[in-house]
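K.L.:
This structure is in structure tokens; I'll ask about it shortly.
The values are calculated or read from the model by the stated rules, or taken from the named source; none is laboratory data. Predicted model only: the values in this text are computed from it and were never measured. Note: ideal-geometry Cβ built from the backbone for every residue, glycine included; neighbour counts use all protein chains shown.
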Amino acid sequence: MKKRTAELILQDPEKFAHHDRVFLNNPVVMQGMGLAPLVVVATTGQNSLMLAAAVALLLVPSRVLACLLSRLVPLRDEEPSPAQLQKKLLPRAILYAASAAVVYLAAYPILNLVFGTGLLNLGIYLPMLVVEPLLTYRFGRVQETVHKAVSKGVRITVGYALLLLVIGMVREWLSLGTVFGAPVGRWALLPLAKMPAGGFIVLGILCAIWRAAAAKRREFLKKEAQDTLTVHYQKEVDREP
């Protein structure tokens with residue numbers, strides 16, 4: 001571990017964890033975003049793969065486009081007044097949703113070319129990604145830079161896609177005894193897993209395990225950071241005449 005990273009972990013562990021959108025601060029596990037597609041249509045590995053591809057094509061481009069368009073109605077204050085919020089949040093919300101819709105129109109032909117009629121399995125939840133909080137929740141925040149929009153967009157995409165694939169494969173295995181259509185085991189362990197109710201159960205169990213693992217990971221990183229700085233300071237002492 002680098003010294004700078006170790007210092008950041010010890011000085012502000014919450015800020016360090018906040019930037020890790022893949023594991024320590026996964027948007028679904030820690031913030032409850034994007035639940036509808038997960039529990040309703042992420043019932044197989046194939047469905048989850050299609051959703052992950054859709055999110056990958058939508059999230060970063062729409063976030064960047066919204067970042068550029070929202071400069072028309074900038075919101076620069078960390079704690080804007082109620083009057084400023086009332087004046088600017090509605091047009092910003094429209095800009096974010098509209099930018100996601102424009103990107104969706106460009107992304108759908110690509111998805112259709114790759115997955116064909118399989119997209120029909122996603123039903124209304126594919127176009128509903130346009131108003132998914134993962135894409136639109138930033139409209140009420142301060143103005144992002146393009147670099148920040150791309151950086152956060154990529155991390156959120158990876159974190160959400162990872163959870164999508166895990167949920168889809170686990171639910172397919174439990175409900176059908178297969179993973180991406182390949183037999184795994186002799187029978188279905190939990191047929192209920194293919195239903196939304198089963199999706200909530202599987203997601204809840206997975207989130208509990210994920211959160212416990214994330215807490216252990218934070219403790220490990222903190223200890224590793226302390227050891228790194230101890231070794232670094234000891235080397236500095238040894239170098240002194």
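K.L.:
Quick check on Leu120: is it assigned to a helix (DSSP H, G or I) and loosely packed, with under 15 Cβ neighbours inside 10 Å? Spell out the reasoning first.
P.N.:
Working: assigned to a helix (DSSP H, G or I): yes; loosely packed, with under 15 Cβ neighbours inside 10 Å: yes.
The answer is yes for Leu120.
K.L.:
Given the structure, is Ser175 crowded, with 20+ Cβ neighbours inside 10 Å, of a type in the set (Ser, Thr, Tyr), more than 21 Å from the chain's Cα centre (by Cα) and farther than 24 Å from Leu24 by Cα?
P.N.:
On the way: crowded, with 20+ Cβ neighbours inside 10 Å: yes; of a type in the set (Ser, Thr, Tyr): yes; more than 21 Å from the chain's Cα centre (by Cα): yes; farther than 24 Å from Leu24 by Cα: yes.
For Ser175, the condition - crowded, with 20+ Cβ neighbours inside 10 Å, of a type in the set (Ser, Thr, Tyr), more than 21 Å from the chain's Cα centre (by Cα) and farther than 24 Å from Leu24 by Cα - is met.
K.L.:
Which pairs do you get when a residue that is among the aromatic types (Phe, Trp, Tyr), found in the stretch 5-24, comes within reach of a residue that is not in a helix (DSSP H, G or I), reach meaning Cβ atoms under 9 angstrom, with the pair 6+ apart or on two chains?
P.N.:
Here the result reads Phe16/Leu24; Phe23/Val29, each pair linking the stretch 5-24 to a residue that is not in a helix (DSSP H, G or I).
K.L.:
Could you please let me know if Gly204 is small (Gly, Ala, Ser), touching a strand residue (DSSP E or B) at 6+ places or on another chain (Cβ under 9 Å) and either surrounded by fewer than 17 Cβ atoms within 10 Å (Cβ to Cβ) or free of Cβ contacts under 8 Å to residues at least 24 places away in the same chain (or both)?
P.N.:
Values: small (Gly, Ala, Ser): yes; touching a strand residue (DSSP E or B) at 6+ places or on another chain (Cβ under 9 Å): no; either surrounded by fewer than 17 Cβ atoms within 10 Å (Cβ to Cβ) or free of Cβ contacts under 8 Å to residues at least 24 places away in the same chain (or both): yes.
Judged against the criteria, Gly204 is not a match.
K.L.:
For the stretch 55-62, does any single residue satisfy the condition of being surrounded by fewer than 19 Cβ atoms within 10 Å (Cβ to Cβ) and under 25 Å from Leu95 (Cβ atoms)?
P.N.:
Start the filter on the stretch 55-62 by keeping residues that are surrounded by fewer than 19 Cβ atoms within 10 Å (Cβ to Cβ), which leaves 56.
Next, only the ones that are under 25 Å from Leu95 (Cβ atoms) stay: 56.
Yes: one or more hits.
K.L.:
I'd like to check something: does the stretch 52-64 contain any residue that is touching a strand residue (DSSP E or B) at 6+ places or on another chain (Cβ under 8 Å), touching a residue at least 12 places away in the same chain (Cβ under 8 Å) and over 20 Å from Ala212 (Cβ atoms)? It would help to see each step written out before you state the result.
P.N.:
Pass one, the stretch 52-64, residues touching a strand residue (DSSP E or B) at 6+ places or on another chain (Cβ under 8 Å): none.
No - not one qualifying residue is present in the stretch 52-64.
K.L.:
Here is a follow-up. Of the residues in the stretch 52-92, how many are of a type in the set (A, V, I, L, M), modelled with pLDDT under 90 and out of contact with any Ser or Thr (no Cβ under 7 Å at 6 or more places or on another chain)?
P.N.:
Qualifying residue count, the stretch 52-92: 9.
K.L.:
Let me ask you something else. Check Val150, Val166, Val170 and return the single one that is surrounded by 15 or more Cβ atoms within 10 Å (Cβ to Cβ), without any contact (Cβ under 8 Å) to a residue 40 or more places away in the chain and part of a helix (DSSP H, G or I).
P.N.:
Details: Val150 fails: without any contact (Cβ under 8 Å) to a residue 40 or more places away in the chain; Val166 fails: without any contact (Cβ under 8 Å) to a residue 40 or more places away in the chain.
That would be Val170, the only listed residue that is surrounded by 15 or more Cβ atoms within 10 Å (Cβ to Cβ), without any contact (Cβ under 8 Å) to a residue 40 or more places away in the chain and part of a helix (DSSP H, G or I).
K.L.:
Next up: Test Arg186 against the criterion of being within 30 Å of Lys2 (Cα to Cα) and of a type outside the set (Phe, Trp, Tyr), and give yes or no.
P.N.:
No.
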